[in-house]
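Read-outs: derived from the displayed coordinates by stated rules, not from any lab. On a predicted model such as this, the values are computed, not experimentally measured, just so you know. Here the Cβ positions follow ideal geometry from the backbone for every residue, glycine too, while neighbour counts run over all protein chains shown.
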């Protein structure tokens, strides 16, 4: 449904039905009322700013007198908040954006809740890429277990095992429900799959020759390919702390390549960028 629409006899039932799931703002106006036009501009601007938190249904009382009579509108403009099929709040006359926002905030879902709801739609469609930015924003606004678990689900689906593992480790005991347990099992399976024979062999070789930087680089690359980036970066960072030019700068080069591959938004990469800057400066 559009965020701003004209309410008519033809679509009023659709709007009433929609109010069972979301808040509808009914705005009664008329051309003959200059105050109505001013209020409509304010409400339309708020609707755009709120980005889906409510639907603005405008009622032209000159064309839809029956609807105005049904809601017993006595003055123009009049604004009603409709939820679950009935008016729950409202005001007559003109109010400014701050006053209207204060009223609406008592009835509207939080922005993070809308993002979580939309992300769940994406998840139901197996669209983890679409859900990821919504959940990251929601978690930044409200770092609660409900969002953390959904974000963990996305991370695991995308192979970002470390990010998912970090979030799971932060889930409090009282929030470790069946969803948490399923994600924990999913993570364990993914970590087992990431523990390849190639990685195990390189780990043994490095244990036997701890200063063999060639083997260390190969192991770091293999760990990166298996999405075990924290381990890969930690492995390479250890010798860089002693010698930034280890193996003629090749260790640093691979370290930077992994950081670049992970991108600016990756928490693990950002952590090791800060560590590297500490060494450099």
(message) With the requirement that a residue be over 16 Å from the mean Cα position of the chain (by Cα) and surrounded by 15 or more Cβ atoms within 10 Å (Cβ to Cβ), what does the range 102-122 give you?
(response) 103, 104, 107, 108
(request) Residue by residue through the range 19-39, note down the ones that are farther than 25 Å from residue 84 by Cβ and either in contact (Cβ under 8 Å) with a residue 12 or more places away in the chain or surrounded by 21 or more Cβ atoms within 10 Å (Cβ to Cβ) (or both). (result) 30, 31, 32, 33, 35, 36, 38
(request) Looking only at the range 241-254, decide whether some residue is under 33 Å from the mean Cα position of the chain (by Cα), surrounded by 12 or more Cβ atoms within 10 Å (Cβ to Cβ), part of a helix (DSSP H, G or I) and in contact (Cβ under 8 Å) with a residue 24 or more places away in the chain. (result) yes
(request) Among what's in the range 10-50 and is part of a loop (DSSP other than H, G, I, E, B) and touching a helix residue (DSSP H, G or I) at 6+ places or on another chain (Cβ under 8 Å), pick the residue that is nearest to residue 110 (Cα to Cα). (result) 23
(message) Residues to consider are 137, 141, 125; find the one that is at negative phi, free of Cβ contacts under 8 Å to residues at least 24 places away in the same chain and surrounded by fewer than 19 Cβ atoms within 10 Å (Cβ to Cβ).
(response) 125
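Let's see how each residue does on (1) touching a helix residue (DSSP H, G or I) at 6+ places or on another chain (Cβ under 7 Å); (2) under 27 Å from residue 176 (Cβ atoms):
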site: 76; (1), (2): yes, no
site: 82; (1), (2): no, no
site: 99; (1), (2): no, no
site: 102; (1), (2): no, no
site: 109; (1), (2): no, yes
site: 133; (1), (2): no, yes
site: 137; (1), (2): yes, yes
site: 145; (1), (2): yes, yes
site: 152; (1), (2): yes, yes
(request) Pull up the range 261-281, narrow it to residues that are surrounded by 10 or more Cβ atoms within 10 Å (Cβ to Cβ) and more than 19 Å from residue 155 (Cα to Cα), then point me to the one that is farthest from the chain's Cα centre (by Cα). (result) 279
